[in-house]
Amino acid sequence: MTETNNLNSSFPDVSRRELRDLVRTQLQMLLESADLQAAKAILVPVQPADIAEAIEGLPEAMHALAFRLLSKDEAIAVYEYLDYSVQERLIEELKSQEVRDIVDQMSSDDRARLFDELPAKVVNRLLEQLSPVERQATALLLGYEPNTAGRIMTLEFISLKENITVTQALERIRRLASASEIIYYLYVTDADRRLTGIVSLRDVVTSQPEQIIGEIMTRDVVFVRTDTDQEEVARIIQRYDFLAVPVVDKQQLLVGIVTVDDVIDILEEETTKDIYALGGGVQSSGDNYFQMNLMEVARKRVLWLFVLLITNTVTGTIIKSQEDILTKVVTLTAFIPLLTGTGGNVGAQSSTVVIRGMNTDEIRSLGPLQVIGREAIAGLLLGGMLGIVATVWAYFLQGRIEVAIAVGSSLVAISILASVSGSALPFLFRMLRLDPALMSAPFITTAVDVLGVLIYFNLARVILKL
């Protein structure tokens, strides 16, 4: 910490982001000039997370060279912060012994998460190189289903027995502290290793030396099971403001803990996935999108673009089938983009708030029908406000009150349709065990474009008496 403060004092007006950019720029310049000693020196006072970001910003050919500048302990710390694609590339480029030293010293949960991203052949090779203890720990985590508490938990925690004294507990804490990921929460188990309580380090330190742990512990423990979904684990830690939550198996045996730093990673990963999906049906596998191969990017994005292409073709066919009314009132054509575009935006707003409510459990107390009804009323209100403006604008542009009323009333109907579609489709897709965020956007566009055009032309026929 002192070294970092010294570095900051050298650049008093430089923000953390500017400092990282400065480190990356200087590091690249020194590596290009082959001044390895100077390159190594500028990394000494920098935090591991900032070094990782600086390495990721270098050209790919420099990643391994920059990583080799670090000491063994620094390399282990920095490696856990690197993007999975960079980690995989380093495994391929570093010597076998270097890889073994780094991977063997990683925490078990971070190692399991890395192995999830690597090809099976590479994982098998790395497993063989691990020490027996670490191999067993990693195999245990990989044995649980992906995206569950068992897969993301760490095995590095401190447990205590109910019948030991505070003095004995403190001795155990001192002995195991360096090998534990967190010591602020101490988990109490019985003789069969079943979770029976929890005690904070503060309570242990402030209690009398001769007191028994069972007397000061809390028996009402919030825990998760190994098969609990990782998003639910994140919500529990967030709800109770925990630093960690214990994980038990079906027999109530304490098998690990999930810490808040892992939860932050999960929340970021899930939020990124949902944003990519909402922004255009892009499925994110956890890799940094901007470091992916462009062909892979195109493959991920093209599917739903094909869906929208077909949708537009259907919409065009419907418009063509209405040539008789368009021939008589050509001005109707000018407002089609306005109606479908506004409907798409209203639908996207509804689906976004509903999907967000699903992820945060904000709508748990409301049933699907209540949510859809609420959004339908919101659509009516939005459509009414937008419809008035559209009616006035259409009359101002075209000078025909019938056309203006047709545009305004269609906008009201389309807004209601879009709100209902945007709120109902996420529930439907969740019921079908599909990703609401991924599936909703293209289907909302389809519903609004096709049905919106049909509503518009049919209302126009009625109002214009054609």
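The values are calculated or read from the model by the stated rules, or taken from the named source; none is laboratory data. Just so you know, these numbers come straight off a predicted model, no measurement behind them. Ideal geometry is used to build each Cβ from the backbone, glycine not excepted, and the neighbour counts take in all protein chains shown. Surface accessibility is based on the protein's heavy atoms, side chains included, excluding ligands, DNA and RNA. Shrake-Rupley method; radii C 1.70, N 1.55, O 1.52, S 1.80 Å.
Under 20 Å between C-alpha atoms is the cut-off here; go through the chain and count lysine pairs that meet it, provided they're at least eight residues apart or on different chains. Close lysine pairs under the 20 Å cut-off: 8. Spacing of the modelled spin labels on Leu170 and Leu22, each 7 Å from Cα toward Cβ, amounts to 4.4 nm. Of the trypsin sites (Lys or Arg not before Pro) found in region 146-191, not one falls in a DSSP loop while having at most 10 other beta-carbon atoms within 10 Å. Mean sequence separation of contacting Cα pairs (under 8 Å, at least six apart), scaled by the length of the chain, corresponds to a relative contact order of 10 percent. For the chain, the longest principal axis of the Cα atoms and the long axis of helix 368-398 meet at an angle of about 50 degrees. In the context of the full set of protein chains, region 342-466 has a per residue accessible area of 50 Å² (1.4 Å probe).
How high is the FRET efficiency between Val330 and Met385 when r is their beta carbon distance and R₀ equals 35 Å, given to the nearest 0.05? Computed FRET efficiency for Val330 and Met385: 0.80. In this calculation the C-beta distance from Arg219 to Met29 is compared with R0 = 45 Å, giving a FRET efficiency of 0.15. Counting charges near Val403 (Lys, Arg +1; Asp, Glu -1) among other residues having Cβ under 13 Å from its Cβ returns a value of +3.
Annotation note: trypsin sites (Lys or Arg not before Pro) in region 65-144 located in DSSP loop regions with a Cβ neighbour count of at most 12 within 10 Å are Lys95. Shown for the chain: the carbon plus sulfur share of the solvent-accessible area, taken with all protein chains present and a 1.4 angstrom probe, equals 58%. Taking a ≥ b ≥ c as the square roots of the eigenvalues of the alpha carbon gyration tensor, region 149-194 is oblate, as a/c is not under 1.5 and a/b does not beat b/c. When Tyr185, Tyr79 are compared by accessible area of protein heavy atoms, the largest-first order is Tyr185, Tyr79, using a 1.4 Å probe. Secondary structure note: in the chain, about 75% of the DSSP beta bridges are antiparallel. Straightening the chain between Asp190 and Arg364 buys 59.0 nm, computed as 0.36 nm per residue apart minus the Cα-Cα spacing. The label point for Ala61 and the one for Ala41, both projected 7 Å from the Cα toward the Cβ, are 2.6 nm apart. For a paramagnetic label modelled at 7 Å from the Cα of Lys465 toward its Cβ, which residues of region 381-404 fall within the zone defined by backbone nitrogen distances under 19 Å? Inside the label zone: 400-404.
Once a ≥ b ≥ c are taken as the square roots of the eigenvalues of the Cα gyration tensor of the chain, is the result rounded (a/c under 1.5), prolate (a/b larger than b/c) or oblate (a/b not larger than b/c)? Prolate shape, in that a/c is at least 1.5 and a/b is the bigger ratio.
Mean silhouette area of region 195-243, derived from the convex hull of its C-alpha atoms and averaged over all directions, reads 4.1 nm².
Go through Ser96, Ile152, Ile455 and say which Cα lies farthest out towards the positive end of the charge dipole of the chain; charges sit on Cβ, +1 for Lys and Arg, -1 for Asp and Glu. In the chain, that residue is Ile455.
Given a 1.4 Å probe and the protein chains as shown, Leu338 ends up with an accessible area of around 60 Å². Placing a pseudo-label 7 Å from each Cα along the Cα-to-Cβ vector at Arg125 and Glu210 gives an inter-label distance of 6.2 nm. A 1.4 Å probe run over the protein chains yields, for region 1-151, 52 Å² of accessible area per residue, whole-number rounding.
Where only DSSP H runs of four or more residues are counted, the chain gives -21500 deg cm²/dmol as its mean residue ellipticity at 222 nm, each run worth -39500 (n - 2.57). Under the convention that each Lys and Arg Cβ holds +1 and each Asp and Glu Cβ holds -1, the size of the dipole of the chain around its Cα centre is about 1740 debye. As a size descriptor, the averaged projected area of the C-alpha convex hull of region 93-145 was calculated at 3.5 nm².
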